[in-house]
Amino acid sequence: MGYVAARGGTEAIAAAEELVRRSRLNADASWLELDQLTERLRYLNDRVMGEGGLWAPQLAARAIRQAEGDVIEAAHLLRAHRSTLPRLCELIPADADELRPLRRIVPAFREVPGPQLLGRTLDYTGRLLDLGDEDQARAAAAAATAAAARHPEDDPAENAGATEPPFPERLLDVLRRTDLAVDRRRDDDPEPTDISQVAVRPGIGRSAVLSVMARAETGALVNLWYRNILGPDNHLHEVTLGEVRHGELPIRVRHPRTGNPVLLGHLRATEVEAIEDLDGADEDRTRFDVGYGLVAGHNERKAIAMANLDIALHRDHSDSGLEQSVLMTTDGLDASGFLEHLKLPHYVTFRSMIERKQAMRTDRARNERKGRRHHPAPVVTPAAEQAAVPAGEVTP
Amino acid sequence: MSAAIDAIRLASTARLQGSASTVVFRVLLEALARPGRPLELPELAMDPRLPNALLLPLALADLGTSFWVHGLYDERERKLAADVVREATGARLAAPNVATFVVCLDGDPSVPSRVRIGSELAPEAGVKMAVQVENFATGAPISITGPGIAEAFITTVGLDRAFLKALRNRNQPPVGIDTWVFDRHHRVLALPRSTRIGVVDDVAREGVN
């Protein structure tokens, strides 16, 4: 695609830039502190980190503040910043079984190993806009938190939170033990593709596809999921979730001199396993298969869409173009960048389009004149209509 | 003090912390936009014994990239420089024909023909090369033209005729070598692969236009 770079209007552009900067820094409202974003708008902050591809709560908050709440713009700022950062070391692959759950549910099965831990979820809160007295509510919440700190063992809200190791076994482990799951694990352990270094195209390995989905725009992934929860028979499939977990994943590196693992810290992640009922003609109908989703931060919607799309892609055998849609259309920066560029001046592009139209019109008028001269208007019958040569190709 | 400990200590001064690597990157980028025009380097905490040419890998190299340091005359200096870059950036030392970044400490004219220049399908694989010189005022006069240069001008960049000819022969955009030349006065200039270098004895024959 060849786009003509915008020239001119530099002063207007600089003034617009200054207007954005000044209005943002000097709005008639109290300044938005970073902890308000990281602590009070945690879903937003997590989403920006996930789509930006960088775990940095404070930087994500700055990006959201600078982007004035435009999620994709904030993710863009974060990802652009990420691209300037050096790679300092390689992490030791994290074991998802070490995720310290803040929330863990198994919608497929009541009696699972380990607890069903609702945790901090909006799943069961009423969707009623709370118009009550917020000062009163905040005072009550503060008192309840203080009371809970004194008697944590009696507090249901506290007990709905984190659990300690040992970490609960997965439903998938149970399915494997009872020979109900297709085993697609592999021993060769290929290096994962780094999608920030390699342009992903259809046919690329699963690690790249999973990475693309982990970094995808949440809305795009949910939309694609909704359009594609189809089995090989093209019927909508009831998808069952085996695990939905949100928790803290330990991040370790090898010490450069001793080679020993060193804990750097934790990042919160959402992990989902989606169980799929295999019923295709060429599939093992006596077993289930499982799709996997893992995204940074607390974003269950995205992790569920990812897990479902992962298994859908496996079952699809690249037949429907789903892989292409996942790889090429779900990145928020990519899609919105292409869309937003339409607002840049396209004067030359459009002028050349106009000139093509005018040239075609001139050409057609000339041909019509010639046609009239050489071929007096014939009586058009259906057969003659079919055989008619397009006007542009009439020769004298 | 052993050479290894010396390298670790020097690397601690050479590691570009925080936004320092971005600041150096901006200068290197600006230099590419104005080929042949010297720019001041930012003030950095780097030990003055280390050649400024190391700033190219120090600012841009990381774990995912590779580098090579060339120096014919002082093996100890060359080895120390390589250790410092590896220690400060995590980049791996590689052969000249595969390295992402090459630092040439002495203007050896064999270097341009030994580094990679990319291909028409992958011009980004062309090497990014830093050359250390004493002074821009010395060296063979060259005329330079190309993108970013409003009017062709004649200058010197501290490099001799043999090196400049070797460089010119390797630059056939889109393939080629992006070169930054660093002097001992804390300045840098760039000769991107898109810049046409006329070495003046040739220029005299062909005429400057």
Under a Cβ-only charge scheme (Lys and Arg +1, Asp and Glu -1), can you give me the dipole magnitude of chain A about the Cα centre, in debye to the nearest 20? 2280
Cβ density ranking, 10 Å radius, fewest first, applied to B:His70, A:His341 yields A:His341, B:His70
Which angle between 0 and 90 degrees, to the nearest 10, do you get for helix A:218-228 versus the longest principal axis of chain A when only C-alpha atoms count? 70
Please identify the DSSP H helices in chain B that span no less than 15 Å along the helix axis (Cα) and have a mean Kyte-Doolittle hydropathy of 1.0 or more. B:3-14, B:20-33
Within the under-10-Å Cβ sphere about A:Leu278, not counting A:Leu278, Lys/Arg +1 and Asp/Glu -1 give a net charge of -4
Along the stretch B:63-73, Karplus-curve 3J(HN,Hα) (6.51, -1.76, 1.60; θ = phi - 60°) to the nearest Hz, with x for Gly and Pro, reads 3, x, 10, 10, 8, 9, 10, 10, x, 7, 9
Ordered by packing density, taken as the mean number of other Cβ atoms within 10 Å over each peptide's residues, highest first, how do A:325-334, B:13-22 rank? A:325-334, B:13-22
Could you identify which residue out of A:Ala149, A:Ala216, A:Ala75 has the top mean-square fluctuation in a GNM of chain A using Cα springs shorter than 10 Å? A:Ala149
Helical contribution to [θ] at 222 nm, DSSP H n ≥ 4, -39,500 (n - 2.57), averaged over the protein assembly as shown, rounded to 500: -11500 deg cm²/dmol
Averaged across the residues of A:81-88, what count of C-beta atoms belonging to other chains lies within 10 Å of each residue's C-beta? 4
To the nearest Å, what is the center-to-center distance of the stretch B:69-100 and the stretch A:253-293, using C-alpha atoms only? 39
Sticking to Cα atoms, compute the Rg of the protein assembly as shown to one decimal and its Dmax as the biggest Cα-Cα distance, whole number, in Å. 31.4, 103
Taking the Cβ-Cβ separation of A:Arg21 and A:Leu85 as r and a Förster radius of 22 Å, what is the calculated FRET efficiency to the nearest 0.05? 0.35
Please list, in chain and number order, the residues 5+ apart from B:Val69 or on another chain whose amide H is under 5 Å from its amide H, with Hs placed from the backbone. B:Val103
Please list 3J(HN,Hα) in residue order for the stretch A:97-102, calculated via the Karplus relation 6.51 cos²θ - 1.76 cosθ + 1.60 where θ = phi - 60°; whole Hz, with x for glycine and proline. 5, 8, 4, 7, x, 9
Given that compact globular proteins tend to follow 2.2 N^0.38 Å, what is the ratio of the alpha-carbon Rg of the stretch A:10-83 to that value? 1.15
For B:Trp68, A:Trp31, A:Trp225, what ranking results if the residue with the fewest other Cβ atoms within 10 Å of its Cβ goes first? A:Trp31, A:Trp225, B:Trp68
Averaged over B:54-65, how many beta carbons belonging to a partner chain fall within 10 Å of each residue's beta carbon? 2
Sort out for me the Cα centre separation of the stretch A:66-89 from the stretch B:34-63, rounded to whole Å. 25
For chain B, what's the radius of gyration and Dmax over Cα atoms, in angstrom? 16.4, 56
Please list 3J(HN,Hα) in residue order for the stretch B:37-49, calculated via the Karplus relation 6.51 cos²θ - 1.76 cosθ + 1.60 where θ = phi - 60°; whole Hz, with x for glycine and proline. 9, x, 10, 6, 7, x, 6, 10, 8, 5, 4, x, 6
For a quick check: with amide H placed at 1.01 Å from N, whose amide H comes under 5 Å from A:Arg103's, ignoring anything fewer than 5 positions away on the same chain? A:His246
Under the rule of at least 5 residues apart or a separate chain, name every residue whose amide H is placed under 5 Å from the amide H of A:Gly242. A:Glu273, A:Ala274, A:Ile275
Can you give me the convex hull volume of the Cα atoms of the stretch A:174-263, divided per residue and expressed in Å³? 211
At q = 0.16, 0.19, 0.28, 0.31 Å⁻¹, what base-10 log of I(q)/I(0) does the Debye formula yield for the stretch B:124-170 when every alpha carbon is treated as an equal point scatterer in vacuo? -0.53, -0.73, -1.17, -1.18
Computed over the Cα atoms of the stretch B:7-122, the Rg and Dmax in Å are 14.1, 42
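No lab work stands behind these numbers, since they all come straight from the coordinates. Everything numeric here is computed off the predicted structure, so don't read it as measured data. Note that we place each Cβ from the backbone using ideal geometry, even for glycine, and neighbour counts take in every protein chain shown.
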